[in-house]
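Written out below as structure tokens is the structure these notes cover.
The values are calculated or read from the model by the stated rules, or taken from the named source; none is laboratory data. Since the structure is predicted, the reported quantities are computational estimates derived from the model, not experimental observations. Positions of Cβ are generated from backbone atoms using ideal geometry, with glycine treated the same way; all protein chains shown enter the neighbour counts.
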């Protein structure tokens, strides 16, 4: 039994150890996701940095020739490639042939952006041979200052300088052959347009305004840059009518404020389109289209009493709210028994039918209503009468122009009984 336990323990230990080493090797061989263009593995980045530090700190093995003060001679310098493109896996290569009688200790490449040194990469041949060949891959494994990589300088052009030390620490420096361009394949992030005159910030949807001056604010967004120079190169704004007529066009430079207020007098009601296009340094662009409308016309409303105009006391009156609007559409209403109560009442979301309670007393009464469209234009207050009658006599209303006539008729109780006119009222 003890032997079985020992065997099982050894097997578990072996599997755990194997998993550890396989996992470690897998992490070291992990390939970065070029399509996303992100250096994701922080541990690998740290290991690359530590490896570079070891090279930098390597001690010199050989002494140079006594009295040698001559600088190294670069016999040949080849630069293969001029772009860094993470997505296409394209990286430049430098090849050098160097000659020095004391041998070569160190070769360093210093990188510059906007005349500022952003980091360096070096190799230490550490040899006493007179002729030395050294090559450099300018790729994603190079860690620059502040743990940055070339991906952090996407869209930029960088320069480089080569410094060479022989074993007597004589230093020679030369400028690189050609600039290296870091291809920017990241599109600007989605452009958002926020409208200034609305109660809440809205975007990416149809919005209507009733204002005489249509003022709105555009907030600029960037290309997720890590450098100021890599932000959006330019913006272009334009406004068109529904049939494509250009009403407004303007540009915003990246050094301007992060928002731009635009005041535009659009004289006619109608639907319009605002286009905002952002360009980055590589002329990649994204365009946002926002539809909006100008509606300054008041909506028109009417009440229709579904079951006629005569009701018993306290009976529910079923009402249909009929409405017509120029452009934006009606979305709210309020209803009450007097104008004063109407103006003090709360707005409700529009619905096809609503209920209203008839008065407890007999007589002729009015129902008042007001509607509001999506541009916050209020209609005129409109009304309709109804009648409360315990006997529920027939009430007939007719209208000709501005004149209105109301007849109250007694309901016949027998088959051949004549209809009797009880009341005639004109308004």
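Which strands (runs of 3 or more DSSP E) does segment 276-345 wholly contain that include 3 or more residues that are under 30 Å from residue 251 (Cβ atoms) and either outside the structural domain of residue 233 (by TED's automatic domain parsing) or within 30 Å of the chain's Cα centre (by Cα) (or both)?
Values: elements: 285-294, 300-305, 316-324, 330-336.
So the answer is 285-294.
Given the condition assigned by TED's automatic domain parsing to the domain that holds residue 309 and farther than 25 Å from residue 308 by Cβ, answer yes or no: does some residue in segment 348-364 qualify?
First, pick out the residues of segment 348-364 that are assigned by TED's automatic domain parsing to the domain that holds residue 309: 348-364.
Those still in the list that are farther than 25 Å from residue 308 by Cβ too: 349.
Yes - at least one qualifying residue is present in segment 348-364.
Just to check your reading of the model, which residue among 143, 74, 109, 80 is surrounded by 13 or more Cβ atoms within 10 Å (Cβ to Cβ) and under 16 Å from residue 179 (Cα atoms)? Don't jump to the end; show me each part of the working.
On the way: 143 fails: under 16 Å from residue 179 (Cα atoms); 74 fails: under 16 Å from residue 179 (Cα atoms); 80 fails: surrounded by 13 or more Cβ atoms within 10 Å (Cβ to Cβ).
Only one candidate passes the filter, namely 109.
Could you check segment 136-240 for strands (runs of 3 or more DSSP E) lying wholly inside it with 2 or more residues that are touching a strand residue (DSSP E or B) at 6+ places or on another chain (Cβ under 7 Å) and at pLDDT 65 or above? Write out each step before concluding.
Values: elements: 157-166, 171-175, 180-182, 207-209, 214-219.
Those strands (runs of 3 or more DSSP E) span 157-166, 171-175, 180-182, 207-209.
Keeping to segment 51-71, report how many residues are surrounded by 12 or more Cβ atoms within 10 Å (Cβ to Cβ) and over 26 Å from residue 156 (Cα atoms). If you could, list the steps in order and put the result at the bottom.
From segment 51-71, those surrounded by 12 or more Cβ atoms within 10 Å (Cβ to Cβ) are 51-52, 55-56, 58, 60-62, 64-65, 68, 70-71; that's our starting set.
Add one more test, that the residue is over 26 Å from residue 156 (Cα atoms), and what stays is 51, 55-56, 58, 60-62, 64-65, 68, 70-71.
Residues flagged as surrounded by 12 or more Cβ atoms within 10 Å (Cβ to Cβ) and over 26 Å from residue 156 (Cα atoms) within segment 51-71 amount to 12.
Kindly evaluate residue 135 against the criterion of being over 35 Å from the mean Cα position of the chain (by Cα) and crowded, with 16+ Cβ neighbours inside 10 Å. Steps first, answer last, please.
Numbers: over 35 Å from the mean Cα position of the chain (by Cα): yes; crowded, with 16+ Cβ neighbours inside 10 Å: no.
Answer is no for this residue.
So is residue 159 within 25 Å of residue 233 (Cβ to Cβ) and free of Cβ contacts under 8 Å to residues at least 60 places away in the same chain or not? So that I can check it myself, show each step before the final result.
On the way: within 25 Å of residue 233 (Cβ to Cβ): yes; free of Cβ contacts under 8 Å to residues at least 60 places away in the same chain: yes.
Criteria met by residue 159.
Which of (1) farther than 25 Å from residue 298 by Cβ; (2) at pLDDT below 85; (3) in a loop (DSSP other than H, G, I, E, B) is the odd one out, the single condition residue 361 does not satisfy?
Among (1) farther than 25 Å from residue 298 by Cβ; (2) at pLDDT below 85; (3) in a loop (DSSP other than H, G, I, E, B), the lone unmet condition for residue 361 is (2).
Return a yes/no flag: does segment 373-390 have any residue that is surrounded by fewer than 16 Cβ atoms within 10 Å (Cβ to Cβ) and modelled with pLDDT under 90.
yes
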